[in-house]
Amino acid sequence: MSDKPTPAPIANPGPDMIYQQALAAGMFKIQHCAGCNAYVFYPRHLCPECGSAKLEWVQASGKGTVYTTTMVRQRPEAGGNKNLCVVELAEGPRLMSRVEGIAADEVKIDMAVTAEIVGSGEEPKFIVFRAEAKQ
Amino acid sequence: MSTQGIRGKAAIVGVGISEHGEVPGWSHFELMAQAVERACADAGIKSKDIDGVFAAITPSGLPVSMVSEYLGLQPKVLEGTMLGGSSFVNFLSWAALALDAGLCEVALITYGSNARSSKRRPGGDLVPYESPFGPRLVDGYAMAAARHMYQYGTKREHLAEVAVAARAWARLNPKAMMRDPLTIEDALKSRMIADPLTLLDCCLITDGAGAIIMTRAERAKDYPNKPVYILGAAAEHSHMQIAQMRDLTVTAAARSGPRAFAMAGLKPTDMSLAMLYDAFTINTILFLEDLGFCKKGEGGAFVSGGTIAPGGRLAVNTNGGGLSCLHPGMYGIFLIAEAAIQLRGLAGERQVAGAATAVVHGNGGTLSTQVTAVLGTAETL
């Protein structure tokens, strides 16, 4: 454990810190613009669609589809092949992520996926996805 | 004929390319200075005549200051906007504007890198919402290629055509790094890096430097070489992080191209050659589509059967490109250099007969910044 004193909480954090704090508390939040009704990811101070500062936090559905994907080829000693993809959330915005729980070469464009928060210790948490079970 | 914007206001009067490929023992700035030495000799000027410096050199934080100090210059115009590999095509606009406004008389655009010998790999900014996934530059391009295949049925064979065409041009360029014969089968068998891109779908990592000397159009005739005029130029951007790119099959070249062609008063079919930043084979296909050489989604079919190879319908990347000639991190300046060499008729075995116009298209980041310029000989003014 570190002997460093715990810093005082920041009273009025910016969008990124609010996002990270929500993730750390187990919630995947994105922004909704009251100015133009767009959903926004990644967290911003101004809406990239209309420029409004009226961005409010909403719980993301966590549902999405794979917009595009690649298999990153790596030697086994470097961790082996892994998936990297861009997921389009049901609300509209996209984010870079990876699909876990299935082989990297089984991840396909248009596959339905669900968000999951991962990360351990002091490192910032982040969002990965799992393929939805076939109906 | 259009006279808008910077059309015909300034010209390239000197071109220099350093030793390239593998040049161990030379720093970024030493290679840069060798390119400047050659560009000045080509233009018939002394380096001290340069009074405008336009440079982007990674990892230098203040590359314009470093270049100026290294060359012992006190330029009146210092410009170093970092757009990635397209920066140098972008500098054409700002150098032309500065020259036309009389802010400087002799502009230098330059770049140097020892990326190969120093084993320093080019990389983008660490961005907070992508860095947990550790994307390499190639991965974003691979995802663009995957999406293009999904939407338009583009095949790996189409990507291979681009690599094979680049190699065929490189075989005509004694200075190109990769000159061994290459077939579609070879390209398809190459080691996969990020599906669907193989090693041969990726540009080289080389050492090398380039330098371009520009002056105002009315002074250009006083120099020893055939001037190469800037007829049109435009920059556009669509995103920084690949996940923020709205449509991974359409780059901002679809906006920069039409603007640059409109300024030039010319269209894609008027071009003698196209120099398209081929960091990866998918780039060439995307830019052929976005610049208007073919319809969206038809780039794969367009490049099939050697269309862009020597003897094909459209001369593309005649030096061998980033894929087979050289690519020292940020390649944009070499697009300009090759276009100028072609328009001066000095390209030797790879010369495009009667070349009078060239479109030069730079790409930066992960398909992020797109800058198009149209260049031409005096006859096209």
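The values are calculated or read from the model by the stated rules, or taken from the named source; none is laboratory data. Bear in mind the structure is a predicted one, so any value in this text is a computation, not a measurement. For neighbour counting, all protein chains shown are included, and Cβ atoms are generated from backbone atoms with ideal geometry for every residue, glycine included. Surface areas here come from the heavy atoms of the whole protein model, side chains and all, with no ligands, DNA or RNA. Shrake-Rupley method; radii C 1.70, N 1.55, O 1.52, S 1.80 Å.
Assorted remarks:
- For segment B:201-251, the tally of residues that are within 14 Å of chain A (Cβ to nearest Cβ), in a loop (DSSP other than H, G, I, E, B) and either crowded, with 19+ Cβ neighbours inside 10 Å or modelled with pLDDT of 95 or more (or both) stands at 9.
- Hey, A:Ala22 under 18 Å from the mean Cα position of the chain (by Cα), touching a residue at least 40 places away in the same chain (Cβ under 8 Å) and either closer than 16 Å to A:Ser61 by Cα or open to solvent by less than 80 Å² (accessible area, probe 1.4 Å) (or both) or not: no
- Taken over segment B:188-200, the criterion of being more than 22 Å from the chain's Cα centre (by Cα) and within 14 Å of chain A (Cβ to nearest Cβ) is satisfied by B:Ser190, B:Arg191, B:Met192, B:Ile193, B:Ala194, B:Asp195, B:Pro196.
Matching residues to (1) in the same structural domain as A:Thr70 (by TED's automatic domain parsing); (2) among the basic types (Lys, Arg); (3) under 15 Å from A:Met71 (Cβ atoms); (4) touching a strand residue (DSSP E or B) at 6+ places or on another chain (Cβ under 6 Å):
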residue	(1), (2), (3), (4)
A:Leu89	yes, no, no, yes
A:Pro93	yes, no, no, yes
A:Val99	yes, no, yes, yes
A:Ile102	yes, no, yes, yes
A:Asp105	yes, no, yes, yes
A:Asp110	yes, no, no, yes
A:Gly121	yes, no, no, no
A:Pro124	yes, no, no, no
A:Arg130	yes, yes, no, yes
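- None of B:Ala146, B:Ala142, B:Ala98 is among the small types (Gly, Ala, Ser) and in the same structural domain as B:Gly61 (by TED's automatic domain parsing) except B:Ala98.
- For segment B:140-174, taking the residues that are among the charged types (D, E, K, R) and open to solvent by less than 40 Å² (accessible area, probe 1.4 Å), the one that is farthest from B:Cys202 (Cα to Cα) is identified as B:Arg147.
- Residue identified as under 18 Å from the mean Cα position of the chain (by Cα) and touching a residue at least 60 places away in the same chain (Cβ under 8 Å) among B:Leu335, B:Leu314: B:Leu335
- Verdict on B:Leu323 being aliphatic (A, V, I, L, M) and touching a Cys at 6+ places or on another chain (Cβ under 6 Å): yes
- For segment A:30-59, filtering for residues that are open to solvent by 60 Å² or more (accessible area, probe 1.4 Å) and touching a Phe, Trp or Tyr at 6+ places or on another chain (Cβ under 9 Å) leaves 2.
- Among the residues listed as B:Ser256, B:Ser324, the single one being open to solvent by less than 10 Å² (accessible area, probe 1.4 Å), touching a Ser or Thr at 6+ places or on another chain (Cβ under 8 Å) and among the hydroxyl-bearing types (Ser, Thr, Tyr): B:Ser256
- Condition check for A:Gly51: under 30 Å from B:Ser190 (Cα atoms), away from chain B (no Cβ under 11 Å) and in a loop (DSSP other than H, G, I, E, B): no
- If the condition is being over 15 Å from B:Asp195 (Cβ atoms), more than 9 Å from every other protein chain (Cβ to nearest Cβ) and within 14 Å of the chain's Cα centre (by Cα), then segment A:94-112 contributes only A:Glu100.
- Considering only residues in segment A:60-83 that are outside any strand (DSSP E or B) and within 12 Å of chain B (Cβ to nearest Cβ), the one that is most open to solvent (accessible area, probe 1.4 Å) turns out to be A:Arg75.
- Any hit, segment B:175-185, residues being within 13 Å of another protein chain (Cβ to nearest Cβ), surrounded by fewer than 18 Cβ atoms within 10 Å (Cβ to Cβ) and of a type outside the set (Lys, Arg): no
- Segment B:262-276: number of residues that are in contact (Cβ under 8 Å) with a residue 60 or more places away in the chain and open to solvent by 10 Å² or more (accessible area, probe 1.4 Å): 8
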